[in-house]
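Taking it in order: structure first as structure tokens, then the write-up.
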Amino acid sequence: MLAVLIGGLSMVSPFSIDTFFPAFHAMEKALQVSSWQLQQVLTAYMLPFAFASLVHGPLSDSIGRRPVMIWGMALYTVGSIACTFAQNYEQLIAARVLQGATAGVGVVIGRAIIRDLYEGAAAQRLMNLTTMIFSLAPAVAPIIGGWVHVAFGWRAVFAVMVVCGVVFATASWWKLPETHPPQARIPFNARNLVATSVTVLRHREFLMLALAAAINFCSLACFIGSAPAIIEKHWGMSETSYAALFLPVITGIMLGAVISRRIAGHMDLTRQVHMGLTITFASSLARVVLHLAFDPLPIPLQQALLFCAAIGAQFAFPVLTLRMLDLFPAARGTAASAQSFVALLVTAFTLGVIAPKVLAHLEWIAWTSLTLTSLASVCWFFARRWQKSTALPPDIPKHFSA
């Protein structure tokens, strides 16, 4: 039950990103903006999401996991209502900022709760189970968004987010346990927040692990950010056909999570990350080579390569996440926040800057994906190189330990 609840709360964030993709063109006309301007609705969501994630974890370390989750979901609901009734582009951007600043509580606090309760293989299994549930959101979101948009218009897509906010705020109040007892809490203040966050982000191994996880995922995110162009322009499909792109990705993530969960405790974790990165890199390299050999590359083959790349990305992700959290056992909320901050900055840059520049050609997207997964492998190399040097800096706050 806890895994279902945490997985559901984590779904809110990707659901809020992908749901309105099928309504992109209708929103451009209704709001009288360019495609580039509408793409910034994603950026307006992702950047506040990144910076607010630095607050969610430390705040939960101070006052507990449960109140942060409940209030976060309540404010997310308010932001979703504002999106639904936005009268112009500026109001929509402002409402998306509020959504982004609060949607991340599910991801950040969920990871901290798992690490509060479980160790070792048990933590890895629960992290994978919640990831499987979480992974349904990007697959289901554009399908729901497409049909809701066709039936009721683009505002109804945001109304669906209002319903999600109400449901999960209520579920958190009713069923979410408090896993961070008062005696373990850390006093919260702005100076302490900055000091602890900077300390975590300055840790060389942590930063390389966070970049490896984020950049490797963005080798898939560049396709997600280009979804309207891929589906409607390159593949010639309708606005209700987004499952053609998202289902291979999400199915791959779910299969990777199943395999990772089964082998938890039976495979060396370093080897598991190596395998995951290798699978993602090989899939990206094969995509580039095949694009050079075939024009156009058959859609089923493109889908198969996305499926394989997603398996590799998920195979590596839970191990990287747990290692990051284990570097700071006395402040896992802050570590989870810092991880999300890095991931969201990288994803925001990918969706808001890179994707609009490469979405005109499938070959450009393929080269971008290969470049990103190569960079992720470089970050993993340096993380391994610095793994033995995990001692914290001398100015680390006393409540931290490595």
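The values are calculated or read from the model by the stated rules, or taken from the named source; none is laboratory data. Since the model is a prediction, treat every value here as computed from it, not as a measurement. Note that we place each Cβ from the backbone using ideal geometry, even for glycine, and neighbour counts take in every protein chain shown. Areas reflect the complete protein model, heavy atoms only, side chains present, ligands, DNA and RNA absent. Shrake-Rupley method; radii C 1.70, N 1.55, O 1.52, S 1.80 Å.
For the reader, a short list of remarks on this structure follows.
- Test for Ser34: is it closer than 24 Å to Ile224 by Cα and over 22 Å from the mean Cα position of the chain (by Cα): yes
- Being at pLDDT below 90 and not polar (S, T, N, Q) is true of Leu322.
- Residue list for the stretch 143-158, filter: surrounded by 14 or more Cβ atoms within 10 Å (Cβ to Cβ), more than 23 Å from Gly7 (Cβ to Cβ) and among the aliphatic types (A, V, I, L, M): Val150, Ala156
- Among the residues of the stretch 12-31, the one identified as farther than 13 Å from Gly106 by Cα, open to solvent by 10 Å² or more (accessible area, probe 1.4 Å) and under 15 Å from the mean Cα position of the chain (by Cα) is Ile17.
- Of the residues making up the stretch 279-303, those that are of a type in the set (Gly, Ala, Ser) and within 22 Å of the chain's Cα centre (by Cα) number 2.
- Residue within the stretch 165-177 that is more than 23 Å from Ala244 (Cβ to Cβ), open to solvent by 20 Å² or more (accessible area, probe 1.4 Å) and either among the basic types (Lys, Arg) or not in a helix (DSSP H, G or I) (or both) present: yes
- Check on Phe328, over 17 Å from the mean Cα position of the chain (by Cα) and among the aromatic types (Phe, Trp, Tyr): yes
- Where Val273 falls short, out of the listed (1) farther than 15 Å from Cys379 by Cβ; (2) open to solvent by less than 10 Å² (accessible area, probe 1.4 Å); (3) under 23 Å from the mean Cα position of the chain (by Cα): (1)
- Subset tally (residues that are closer than 17 Å to Ala304 by Cα, surrounded by 22 or more Cβ atoms within 10 Å (Cβ to Cβ) and not aliphatic (A, V, I, L, M)) for the stretch 223-263: 6
- Subset of the stretch 209-260 [within 18 Å of the chain's Cα centre (by Cα), among the hydrophobic types (A, V, I, L, M, F, W, C) and closer than 18 Å to Gln39 by Cα]: Cys218, Leu220, Ala221, Cys222, Phe223, Ile224, Ala227
- With respect to (1) modelled with pLDDT of 85 or more; (2) out of contact with any Gly (no Cβ under 6 Å at 6 or more places or on another chain), the lone exception for Gly7 is condition (1).
- Options Arg125, Arg66: the member that is in contact with a helix residue (DSSP H, G or I) (Cβ under 8 Å, 6 or more places away or on another chain), modelled with pLDDT of 80 or more and charged (D, E, K, R): Arg66
- Some residue of the stretch 102-111 being in contact with a Ser or Thr (Cβ under 7 Å, 6 or more places away or on another chain) and part of a loop (DSSP other than H, G, I, E, B): yes
- Residues of the stretch 344-367 that are of a type in the set (Ser, Thr, Tyr) and under 18 Å from Val288 (Cα atoms): none at all.
- Members of the stretch 32-55 that are open to solvent by less than 20 Å² (accessible area, probe 1.4 Å), within 22 Å of Ala210 (Cα to Cα) and touching a residue at least 60 places away in the same chain (Cβ under 8 Å): Leu42, Met46, Phe49, Ala50, Ser53
- Cβ pairs under 8 Å, 6+ apart, first in the stretch 295-309 and under 16 Å from His361 (Cα atoms), second charged (D, E, K, R) and open to solvent by less than 40 Å² (accessible area, probe 1.4 Å): Leu297/Arg287; Gln302/Arg287
- Test: residue in the stretch 69-84 that is of a type in the set (Phe, Trp, Tyr), modelled with pLDDT of 90 or more and within 23 Å of Leu193 (Cβ to Cβ): yes
- Filter result for the condition that a residue is closer than 28 Å to Thr196 by Cβ and of a type outside the set (Asp, Glu), over Val41, Val33, Val4, Val55: Val55
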